[in-house]
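Inspection log for the structure reproduced underneath, given as structure tokens.
The values are calculated or read from the model by the stated rules, or taken from the named source; none is laboratory data. The model shown is predicted, which means the values in this text are computed figures rather than measured ones. Don't worry about glycine lacking a Cβ; one is built from the backbone with ideal geometry, like all the others, and counts go over all protein chains shown. The accessibility values were calculated without ligands, DNA or RNA, using every heavy atom of the protein model including side chains. Shrake-Rupley method; radii C 1.70, N 1.55, O 1.52, S 1.80 Å.
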Amino acid sequence: MEQLSLFTQENNLSAPLASRLRPQTLDDYIGQEHLVGKGKILRQMLDTDRVSSMIFWGPPGVGKTTLARIIANMTHSSFIDFSAVTSGIKEIKDVMKQAENDRMMGMKTIVFVDEIHRFNKAQQDAFLPYVEKGSIILIGATTENPSFEINSALLSRCKVFVLQALTEPDIRKLLHHALVDKRGLGNSTIIIEERLLEAIAVFANGDARTALNTLDMAVLNGEIQPDGSIVVKENVLEQCIGSKMLLYDRNGEEHYNLISALHKSMRNSDPDAAIYWLARMLEAGEDPLYVARRLVRFASEDIGMADSQALQVAVAAYQACHFNGMPECDVNLTHAVVYLSMAPKSNALYVGYGKAREDAKTMLAEPVPLQIRNGVTELMQELHYGEGYQYAHDTEEKVARMDCLPGSLKGKEYYAPGTEGAEKAVREKLEKIKEFKRQE
């Protein structure tokens, strides 16, 4: 009996670090506070033991399987782990039959299906009658949008919970825990600089499994000192993550220097420089969605009406970053950066809004002209709301000779289009409109 215990302990220590440190309770669980924090919906379901079938949707390594196991422990249920890759309909029906027998004996069964999106329609349908009868509580995990990958009949009987990528503070907390927990690396003295732990957290990109595996590999390749301690150095960690660690702080000066360099390179129509600064940011661990948001802003601030397609390209790049993530989205961002660099430039929208903003701040009480107010009631009409309004569509020119600015701002111009790209045509059209209005 003792030999079995020793063997089990050795076997556990040889297991991957992420497996050894798998939390057993919600108190040990890191991340997903929006679901399992005090008073949150999933936490309340567990505390009141009203667990129903559910789908966990989120990126890899955020704790979907772990959360399912914790739920099984908290509800004192039998836990069955299914793989959508290896399980067929026969295996499903055999397990469902056993679950039905257990239900008759008063025992709950939680069936966890990892990568449930890989099950075909027939396999998913095999679960449906047992979910409906309550023979099982189905918990599915998927990295894909359940709306597209899971049968509507099954999906309608499951509550969908969206799990988010872990934050860098979450990952750092997990790494510190791994260094002291006896199930992890706590039986050894590990010497590793905080900045190296931060580098692992950035590299993991929200994936706890990646973070723990990287730490484990770095420790295994660390330098063993005469006193038995293990020192993890930067060159070892660089080999583990496969790239040089660049000096970068997402909240520090270098962060703002690099995004400024990218922005100004695109503004100066220099795609080579823009690609370089983009690469500097991404390879240093910058969030690609942050870069994409800056590109969306740039498309209107520095290009605007000169090429309205630029905004669509930037938004599409942002969506592509959501779909692909790093490293696949690097080429999507490069596509957008080059397009924005080569597009005709105009800051007319940026300048125009700036002027309007200043007037708006100092003239907040300026009344809306009566002719463009909406006179929807009899009283409003008696007060001359809408009186003098000219419906532009009723005119031959599709433009009415009517002032839409307050009287004190009559004749004020905010938008001054340039002559680059499509904005040249906009400028010509606006000049014709203004000339027409002056011919009263």
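Some observations on this one:
- Heavy atoms of His384 accessible to a 1.4 Å probe, total area in Å² rounded to 10: 90
- Among the GluC sites (Glu not before Pro) found in the stretch 171-245, those both in a DSSP coil and sparsely packed, with 16 or fewer other Cβ atoms within 10 Å of their Cβ, are Glu193.
- Heavy-atom accessible surface of the chain: percent carbon and sulfur, 1.4 Å: 53
- Cys residues of the chain counted as unpaired, since no other Cys beta-carbon is under 4.7 Å: Cys158, Cys240, Cys404
- Prolate/oblate/rounded label for the stretch 353-440 (Cα gyration tensor, a/c 1.5): oblate
- Charge dipole (debye, nearest 20) of the stretch 57-151; +1 at Cβ of Lys and Arg, -1 at Cβ of Asp and Glu: 180
- Potential extension, Asp270-Asp227 segment - 0.36 nm per residue separation minus Cα distance: 10.0 nm
- For the stretch 102-158: rounded, prolate or oblate by the Cα gyration tensor [a/c cutoff 1.5]: prolate
- For the stretch 192-217 versus the stretch 395-416, the spacing of their alpha-carbon centroids is 59 Å.
- Each Lys or Arg adds one and each Asp or Glu subtracts one; over the other residues with Cβ under 11 Å from the Cβ of Gln32, this totals +1.
- The solvent-accessible area of Arg438, taken with every protein chain present and a 1.4 Å probe, is close to 150 Å².
- Taken per residue, the accessible surface of the chain reaches 57 Å², heavy atoms only and a 1.4 Å probe.
- Applying both filters, DSSP loop and at most 14 other Cβ atoms within 10 Å, to the GluC sites (Glu not before Pro) of the stretch 83-151 gives Glu144.
- Separation between Cα centres of the stretch 114-180 and the stretch 317-347, rounded to whole Å: 31
- Gain upon complete extension [Met380, Gln319; 0.36 nm per residue less C-alpha separation]: 17.4 nm
- Each other residue within a Cβ distance under 10 Å of Ala274 adds +1 if Lys or Arg and -1 if Asp or Glu, for a net charge of 0.
- Within the stretch 18-89, the trypsin sites (Lys or Arg not before Pro) that combine a DSSP coil assignment with at most 16 other C-beta atoms in a 10 angstrom radius are Lys38, Lys40, Arg50.
- Global form of the stretch 50-148, assessed from the alpha-carbon gyration tensor, a/c cut-off 1.5: oblate
- Taking all pairs of distinct alpha-carbon atoms in the chain, Kirkwood radius in angstrom: 27.2
- Taking every Cα-Cα distance in the stretch 288-393 and sorting them into 5 Å bins starting at zero, the pair-distance distribution P(r) comes out as 2, 12, 15, 11, 10, 10, 10, 9, 9, 7, 4, 2, 0 percent.
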